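No lab work stands behind these numbers, since they all come straight from the coordinates. Since the model is a prediction, treat every value here as computed from it, not as a measurement. No Cβ is skipped: glycine too gets one built from the backbone with ideal geometry, and neighbour counts run over all protein chains shown.
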Amino acid sequence: MLLYIFQLLSGFGIHSALSRSSSSSKCWHRCLTTFRTERSNPADHTFEDEGLFYTIPHKDVQKLFLLNWLGPHERNMNNMFQEFSILIRRPALEVIDILKRLNYNYPLTRFLLYGEMSAGKKFIMTHILHFCKSQNWVLLTVPWANDWNCKRLDVSFNNHRESFFDLPVHSKNILEDFLIKNLHIIKDFTTAESYKFSEQEAFDQGVPLKDLISFGINRMKFANDVVGAVINELQILANSDKIKLLITVRGINSFWRKTGQRKEKVREIHAQQLTLVNQFMDLLQSDTKNAVALCSVESWVNDVKDRKAYLPTELLGKEGIDFLEPFIPIEVPKYSDAEVMKVMDYYEDRKWIQYPEAKTSDGRNQIKFLSGHNPYRLFRVCVPL
C-alpha cells in the first residue's frame with residue numbers, strides 16, 4: 001500500500017489510479033470561465049474576488065518581476081501558460097485593504113507573512129507588489145535575502161566600518177532592479193545630500209538620483225555604499241510626502257543567521273556583519289513615514305532537518321521578534337478545498353490537465369488528496385496529467 005501511494009506521489013501510478021475511478025464517476029461539468037475575475041487592476045480587487053485568478057499584464061511582468069523576482073518554477077509557468085496569472089487569496093486582500101486605509105503620517109508599518117513551505121507566500125507578495133505599482137509607489141525589493149548569505153559572488157571589506165563586509169555584485173543587482181522598477185517615478189528627483197565615496201568619487205547635493213544609481217551599477221566597487229545613499233534619499237523623499245515606499249524582503253529570518261561568505265582569513269561571517277543587511281535593518285527600524293515593509297519568514301532558510309518550523313517565533317527567535325515588533329502578522333495557509341478546485345479549473349483551461357480521468361470528480365478528489373492542499377505540490381502532482 002505504501003509503495004502504491006509512493007508511486008502516486010511520484011506521478012508514475014496516477015494515470016492508472018484515475019482510470020480505475022473514471023468508470024464510477026461522470027465527467028465534472030463546470031463553466032471554466034468562472035475561475036477568472038473581470039477586475040484586472042489589483043486596486044479594484046475586493047473580497048468578492050477571493051479564489052479567482054487575475055492575469056498580470058506582460059509589460060508589468062517584464063518590469064516588476066522578470067529580472068530577479070521570478071524563480072525557475074514561476075518562469076516555467078509563465079512560459080508554459082503563456083501568461084502570468086495569480087490566484088487572489090485572502091492574505092493579499094487583507095494587506096491591500098489595510099494599505100488602502102492606513103494613515104501614512106505614522107512611522108513605517110511592518111507586515112510579516114508566514115506559513116508552511118510552498119504555501120504561496122511569494123505569490124501573495126507578488127499580488128501586493130503589483131497593487132503598489134498600480135498606485136505609483138516606489139518599490140525597493142529584496143527578492144531572496146538568503147542569497148546574501150549563500151551565494152559567494154564577491155566579498156570586500158567595507159571602507160568605512162571595521163569588521164563589516166560589502167557584497168558588490170548583490171548590491172549592483174539591487175540597484176539594477178530598483179532602477180528598472182522605478183525609473184518612471186524617480187527620473188526627476190535630485191539628491192538632497194552630498195556623498196563622498198572616495199577621494200576621487202563624490203556627488204554634490206542636487207545631482208539626479210538616477211545618476212547616483214547608475215554610478216553604483218557601473219562602479220561596482222562602490223555599489224554597496226550607493227545602496228546606503230539611495231536608501232537615505234528614499235527616506236528623505238518619503239518624509240517629504242513626495243513618494244510612498246514599499247520595502248519588500250523575502251526571507252528576512254536570514255538576517256539572524258551565519259553566512260557561507262568568506263574573506264581571506266575571516267572564516268565565519270554573520271549576516272549582521274554584511275553592510276547590505278545592516279542598511280536594510282536600519283531602514284526597517286526607522287521612523288520613516290509614507291513607508292511600508294512587507295517581509296516574509298521562510299523555512300527554506302533553515303537547515304533541512306528544521307524546515308518543518310514555520311511560525312515567526314520559530315524562525316526569527318526572540319532577537320528577530322524584538323527587532324520587528326510591532327508588526328502585523330499575516331498567515332498564508334495552504335489551499336482551501338474551493339481554491340484547489342479553482343486552480344484545477346485554471347490548469348484545465350491552460351491544458352496542464354488533459355487526461356479525461358483527471359477531470360472527473362473522483363479524479364479531482366484524488367489529486368486534492370495527493371497534493372495535501374499544498375500549492376506547489378498540487379502543481380507537481382498535475383505534471384503527468
Highest-MSF residue in the chain out of Leu102, Leu316, Leu112 [GNM, Cα springs under 10 Å] = Leu102
Between Asp303 and Glu319, what length in nm is gained on full extension when 0.36 nm per residue of separation is reduced by their alpha carbon distance?
-> 3.9 nm
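How big, in percent, is the set of alpha carbon pairs in segment 199-340 lying more than 20 Å apart?
Result: 60 percent of Cα pairs exceed 20 Å.
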Between Tyr376 and Asn218, what is the spin-label point distance in nm, taking each point 7 Å from the Cα along the Cα→C-beta axis?
-> 4.0 nm
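What value, in deg cm²/dmol to 500, does the helix sum -39500 (n - 2.57) over DSSP H runs of n ≥ 4 give at 222 nm once divided by the residues of the chain?
Helices in the chain give a 222 nm mean residue ellipticity of -12500 deg cm²/dmol.
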Once you put a point 7 Å from the Cα of Lys100 and another 7 Å from the Cα of Thr55, both along the Cβ direction, what distance in nm separates them?
-> 2.4 nm
Inter-part distance where segment 128-163 and segment 57-79 are each reduced to a Cα centre, Å | 18 Å
Residues of segment 142-184 with amide nitrogen under 17 Å from the 7 Å Cα-to-Cβ point of Ser198?
-> 155-161, 166-169, 172
Exceeding the 32 Å Cα-Cα cut-off - candidates Lys59/Lys258; Lys151/Lys334; Lys187/Lys221 = Lys59/Lys258
As a percent rounded to 5, the proportion of antiparallel DSSP bridges among beta bridges in segment 130-252 is 50 percent
Pick out which of Arg101, Arg90, Arg36 has the largest mean-square fluctuation in a Gaussian network model of the chain, springs linking Cα atoms closer than 10 Å.
-> Arg101
Before anything else, pin down the relative contact order of the chain: Cα pairs under 8 Å, at least 6 apart, normalised by residue count, whole percent.
-> 25 percent
Burial ranking of peptide ranges 135-144, 192-201, 210-219, 117-126 (average Cβ count within 10 Å, highest at the top) = 117-126, 135-144, 210-219, 192-201
Between segment 192-259 and segment 283-355, the alpha-carbon center distance in angstrom = 27 Å
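Just the ratio, please: alpha-carbon radius of gyration of the chain over 2.2 N^0.38 Å, N its number of residues.
Normalised by 2.2 N^0.38 Å, the Cα Rg of the chain equals 1.08.
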Can you give the FRET efficiency for Ala43 and Gln272, using 1/(1 + (r/R0)^6), R0 = 41 Å, r = Cβ-Cβ distance, to the nearest 0.05?
-> 0.65
May I ask you to order 160-166, 223-229, 148-154 by the average number of other C-beta atoms within 10 Å around their residues, highest value first?
-> 223-229, 148-154, 160-166
Shape call for segment 109-215 from the C-alpha gyration tensor, a ≥ b ≥ c root eigenvalues: rounded (a/c under 1.5), prolate (a/b greater than b/c) or oblate?
-> oblate
Could you grab the Rg to Rh ratio for segment 116-173? Cα atoms only, Kirkwood for Rh.
-> 1.11
Of Pro312, Pro326, Pro91, the one that fluctuates the most in a GNM where the chain has Cα springs shorter than 10 Å = Pro326
Between Lys258 and Asp337, what length comes free when the chain is fully extended (0.36 nm per residue of separation minus the Cα-Cα distance, one decimal in nm)?
-> 24.5 nm
Mind listing the phi-derived Karplus ³J(HN,Hα) values for segment 318-335, rounded to whole Hz, using 6.51, -1.76 and 1.60 with θ = phi - 60°, and x for any glycine or proline?
-> 4, 4, x, 4, 4, 5, 7, 4, x, 9, 9, x, 10, 7, 10, x, 5, 4
Once segment 285-385 is represented by equal point scatterers at the alpha-carbon sites, with solvent omitted, what log10 I(q)/I(0) does the Debye formula produce at q = 0.23 Å⁻¹?
-> -1.14
Relative to the Cα centre, what is the charge dipole magnitude of segment 234-369, using +1 at the beta carbon of each Lys and Arg, -1 at the beta carbon of each Asp and Glu, and rounding to the nearest 20 debye?
-> 500 debye
What is the percent of Cα-Cα separations in segment 90-153 that go past 15 Å?
-> 61 percent
Relative contact order of segment 220-335: what whole-number percent is it, with Cα pairs under 8 angstrom and at least 6 residues apart?
-> 28 percent
